[in-house]
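My questions all concern the structure below.
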Amino acid sequence: MPVTRRAFLETSALALTGLAASAKAHAAPTPSNHAAPAPPTVVASRNGIRGVRKAYEMMTNDQADPLDAVIAGVNIQELDPNDQSVGLGGRPNADGVVTLDASVMHGPTRRAGSVAALEDIASASLVAKAIMDYTDHIMLVGKGAKRFALGMGFKEQNLLSEESRQDWLRWRSQLSPDDDWLDHEDDVMIERPGGTINMCGVDANGDIGSVTTTSGLSWKIPGRVGDSPIIGTGQYCDNEVGAAGSTGRGEANIKVCGAFLIVEFMRGGMSPQEACLAALERAVAMTEDRLLDGKGRPMFSLNFYAVAKDGRFGGATMYQYPDEYLEVLPSRGSYAVANADGARHEPLHYVYDQNQLPGGLRDRMMERVERIRMERAKEEE
Ligand code: GLY
């Protein structure tokens, strides 16, 4: 017998009622944080300093929705061709193609949207929001995601900037001395940077929104998706508790569902700061041997940021940056915050101090310091 749409909906509704009843039995634990809504606050990764100011102003001056505000905040980096870590101008994958991942969550309505391996559309965060707003799905990837975005009126454009293309050509020429690619004329050693922006905001009503957007790990294997588009990993928001998000090695975060874990730690009574550090410790505990040094310390970096419903905030990273590094790049080791005290960088707390940095990581950082010093000296000549 053919099933009519109405009958289908009724049957589905009954099934869902059953689900709802059983879901109730497993409902989230009572939040520990019932404090009255506190001052509006926005936190972000270090590169979100312009964005936190904008998001804070939108929430306080225009009473903007917190998710709209933080998305407008990250749009600044997504649309900036000089930011090589997200959106337009992001570094490409191993084939020289820029692919973007992003996810969003809207606390008051408990909705989420996500997009992965998106090509040719700069503002992945807005595509993730459109998936949340206009579909019954949460995540779209690849070609389907692009078709959806074009259908929604997003603009198609080449995301590969000349700077990122040159970096990719350098990387490719340095892969092997025996391949057919000649050395790049400007043979600067090329690093393998990641780069992502996470932003979480709580408004004066205690409503929360969160977003993470990225072009992912540079030179990744085509098809690789990191933590940013995974709800509960790259970012997570529970309107009763707070929000959290991450930047850094996505593969390390995916295994601990870091953003969800931090929100659950906060629900259990930890401060945002304590929760970020505890999640990093969990990530270390879940790290495979090949990525640990002889003393069990990770050979990578991972960063977490969090805001509680009452406006408390925190951020933590794996390693304290060495003093020499901070001399040339002072905002490293910090994250961006905006609240009634203004928009500024705050120091990230860390699991390991600079004396505990594994040799390999320290060497890479010192090489970078040396290179930057030489470049600056050249510019001054
Ligand atoms: N955390 C960003 C990435 O791993 O893609």
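Hey, can you tell me all the residues within region 142-159 that are in contact with a Leu (Cβ under 8 Å, 6 or more places away or on another chain) and not in a loop (DSSP other than H, G, I, E, B)?
Passing the criteria: GLY142, ALA145, LYS146, PHE148, ALA149.
Which one of these does ALA116 not meet: (1) surrounded by fewer than 24 Cβ atoms within 10 Å (Cβ to Cβ); (2) closer than 19 Å to SER215 by Cβ?
If we test ALA116 against (1) surrounded by fewer than 24 Cβ atoms within 10 Å (Cβ to Cβ); (2) closer than 19 Å to SER215 by Cβ, just (1) comes out false.
Okay, moving on. Answer with yes or no whether ASN82 is surrounded by fewer than 20 Cβ atoms within 10 Å (Cβ to Cβ) and not β-branched (Val, Ile, Thr). Don't jump to the end; show me each part of the working.
Details: surrounded by fewer than 20 Cβ atoms within 10 Å (Cβ to Cβ): yes; not β-branched (Val, Ile, Thr): yes.
The answer is yes for ASN82.
Any residue at all in region 350-370 that is under 20 Å from the mean Cα position of the chain (by Cα) and surrounded by 13 or more Cβ atoms within 10 Å (Cβ to Cβ)? Even if it seems obvious, please write down each step before you answer.
So in region 350-370, the residues under 20 Å from the mean Cα position of the chain (by Cα) come out as 350-351.
Checking which are surrounded by 13 or more Cβ atoms within 10 Å (Cβ to Cβ) leaves us with 350-351.
Yes: region 350-370 contains one or more residues that are under 20 Å from the mean Cα position of the chain (by Cα) and surrounded by 13 or more Cβ atoms within 10 Å (Cβ to Cβ).
Just one of ARG332, ARG344 is of a type outside the set (Gly, Ala, Ser), assigned to a strand (DSSP E or B) and either out of contact with any Lys or Arg (no Cβ under 8 Å at 6 or more places or on another chain) or in contact (Cβ under 8 Å) with a residue 60 or more places away in the chain (or both); which is it? Even if it seems obvious, please write down each step before you answer.
Values: ARG332 fails: assigned to a strand (DSSP E or B).
Selected residue: ARG344, the only one of ARG332, ARG344 that is of a type outside the set (Gly, Ala, Ser), assigned to a strand (DSSP E or B) and either out of contact with any Lys or Arg (no Cβ under 8 Å at 6 or more places or on another chain) or in contact (Cβ under 8 Å) with a residue 60 or more places away in the chain (or both).
Next question, about the same structure. How many residues, within region 294-312, are of a type outside the set (D, E, K, R) and surrounded by fewer than 24 Cβ atoms within 10 Å (Cβ to Cβ)? Step through it out loud before you land on a result.
At the first step, the residues of region 294-312 found to be of a type outside the set (D, E, K, R) are 294, 296, 298-308, 311.
So of that shortlist, the ones also surrounded by fewer than 24 Cβ atoms within 10 Å (Cβ to Cβ) come out as 294, 296, 298-301, 311.
Residues that pass the stated criteria total 7.
Answer yes or no as to whether ALA275 is outside any strand (DSSP E or B), near the ligand (Cβ under 10 Å from one of its atoms), small (Gly, Ala, Ser) and without any contact (Cβ under 8 Å) to a residue 60 or more places away in the chain. Break it down stepwise before answering.
On the way: outside any strand (DSSP E or B): yes; near the ligand (Cβ under 10 Å from one of its atoms): no; small (Gly, Ala, Ser): yes; without any contact (Cβ under 8 Å) to a residue 60 or more places away in the chain: yes.
Considered against the rule, which asks whether it is outside any strand (DSSP E or B), near the ligand (Cβ under 10 Å from one of its atoms), small (Gly, Ala, Ser) and without any contact (Cβ under 8 Å) to a residue 60 or more places away in the chain, ALA275 comes out as no.
For region 89-108, name all the residues that are in a strand (DSSP E or B) and either surrounded by fewer than 24 Cβ atoms within 10 Å (Cβ to Cβ) or of a type outside the set (Asp, Glu) (or both). Before the answer, list the steps.
Residues of region 89-108 in a strand (DSSP E or B): 100-106.
Hits for region 89-108 are LEU100, ALA102, SER103, VAL104, MET105, HIS106.
Go through the residues of region 151-173 one by one and say whether even a single one is surrounded by 24 or more Cβ atoms within 10 Å (Cβ to Cβ), under 23 Å from GLY248 (Cβ atoms) and among the small types (Gly, Ala, Ser).
There is no residue in region 151-173 that is surrounded by 24 or more Cβ atoms within 10 Å (Cβ to Cβ), under 23 Å from GLY248 (Cβ atoms) and among the small types (Gly, Ala, Ser).
Continuing with the same structure: For region 109-129, name all the residues that are at negative phi, outside any strand (DSSP E or B) and away from the ligand (no atom under 16 Å from the Cβ). Explain how you work it out, then say what you get.
Looking only at region 109-129, we keep the residues that are at negative phi, and these are 109, 111-116, 118-119, 121-129.
Checking the rest, the ones that are also outside any strand (DSSP E or B) come to 109, 119, 121-129.
Listed by number, the residues that qualify are THR109, ILE121, ALA122, SER123, LEU126, VAL127, LYS129.
Cβ-Cβ distance below 9 Å, separation of 6 or more or different chains: which pairs start in region 158-170 with a residue that is at negative phi and end on one that is in a helix (DSSP H, G or I)?
Filtered contacts from region 158-170: LEU160/TRP168.
Another question, if that's okay. Using beta carbons and a limit of 8 Å, which pairs, at least six apart or on different chains, have the first residue in region 256-267 and free of Cβ contacts under 8 Å to residues at least 24 places away in the same chain and buried (at least 20 other Cβ atoms within 10 Å of the Cβ) and the second one of a type in the set (Asp, Glu) and assigned to a helix (DSSP H, G or I)?
That search, which allows pairs on different chains as well, returns PHE265/GLU274.
Moving on to the next point. Test of understanding: among SER218, SER228, SER246, which residue is in a loop (DSSP other than H, G, I, E, B) and modelled with pLDDT of 95 or more? It would help to see each step written out before you state the result.
On the way: SER218 fails: modelled with pLDDT of 95 or more; SER246 fails: in a loop (DSSP other than H, G, I, E, B).
That would be SER228, the only listed residue that is in a loop (DSSP other than H, G, I, E, B) and modelled with pLDDT of 95 or more.
Let me ask another. Would you confirm, using the coordinates I've provided, whether LYS220 is closer than 26 Å to SER123 by Cβ and within 14 Å of the ligand (Cβ to nearest atom)?
On the way: closer than 26 Å to SER123 by Cβ: yes; within 14 Å of the ligand (Cβ to nearest atom): yes.
Here the answer is yes, as LYS220 does meet what is asked.
Could you list all residues from region 201-217 that are within 16 Å of ASN303 (Cα to Cα) and within 9 Å of the ligand (Cβ to nearest atom)?
Quick first cut of region 201-217, residues within 16 Å of ASN303 (Cα to Cα) only: 210-214, 216-217.
Within region 201-217, THR212, THR214, GLY216, LEU217 meet the criteria.
In region 354-367, how many residues are under 20 Å from SER331 (Cβ atoms) and in contact with a strand residue (DSSP E or B) (Cβ under 8 Å, 6 or more places away or on another chain)? Steps first, please.
First pass over region 354-367, keeping only residues under 20 Å from SER331 (Cβ atoms): 354, 357, 361-362, 364-367.
Filter once more, so that each one left must be in contact with a strand residue (DSSP E or B) (Cβ under 8 Å, 6 or more places away or on another chain): 354, 357, 361.
Summing the residues that are under 20 Å from SER331 (Cβ atoms) and in contact with a strand residue (DSSP E or B) (Cβ under 8 Å, 6 or more places away or on another chain) in region 354-367 gives 3.
Conditions tested, residue by residue: (1) more than 18 Å from GLY248 (Cα to Cα); (2) touching a helix residue (DSSP H, G or I) at 6+ places or on another chain (Cβ under 6 Å); (3) in a strand (DSSP E or B).
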residue	(1), (2), (3)
ALA283	no, yes, no
LYS295	yes, no, no
ALA306	no, yes, yes
ASP310	yes, no, no
TYR321	no, no, no
GLU327	yes, no, no
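Take the residues in region 223-241 that are surrounded by fewer than 24 Cβ atoms within 10 Å (Cβ to Cβ) and either acidic (Asp, Glu) or free of Cβ contacts under 8 Å to residues at least 60 places away in the same chain (or both); name whichever of them is farthest from the ligand (Cβ to nearest atom).
Only one residue tops the list, namely GLU240.
Taking region 242-260 as the region of interest, how many residues are within 8 Å of the ligand (Cβ to nearest atom) and within 21 Å of VAL127 (Cα to Cα)?
Kept after step one, since they are within 8 Å of the ligand (Cβ to nearest atom), are these residues of region 242-260: 246-251, 253.
The next check asks that each one be within 21 Å of VAL127 (Cα to Cα); those that pass are 246-247, 250.
Summing the residues that are within 8 Å of the ligand (Cβ to nearest atom) and within 21 Å of VAL127 (Cα to Cα) in region 242-260 gives 3.
The values are calculated or read from the model by the stated rules, or taken from the named source; none is laboratory data. Please read these numbers as outputs of a predicted model, since none were measured by experiment. Heads up, the Cβs are rebuilt from the backbone with ideal geometry, glycines too, and the neighbour counts pull from every protein chain shown.
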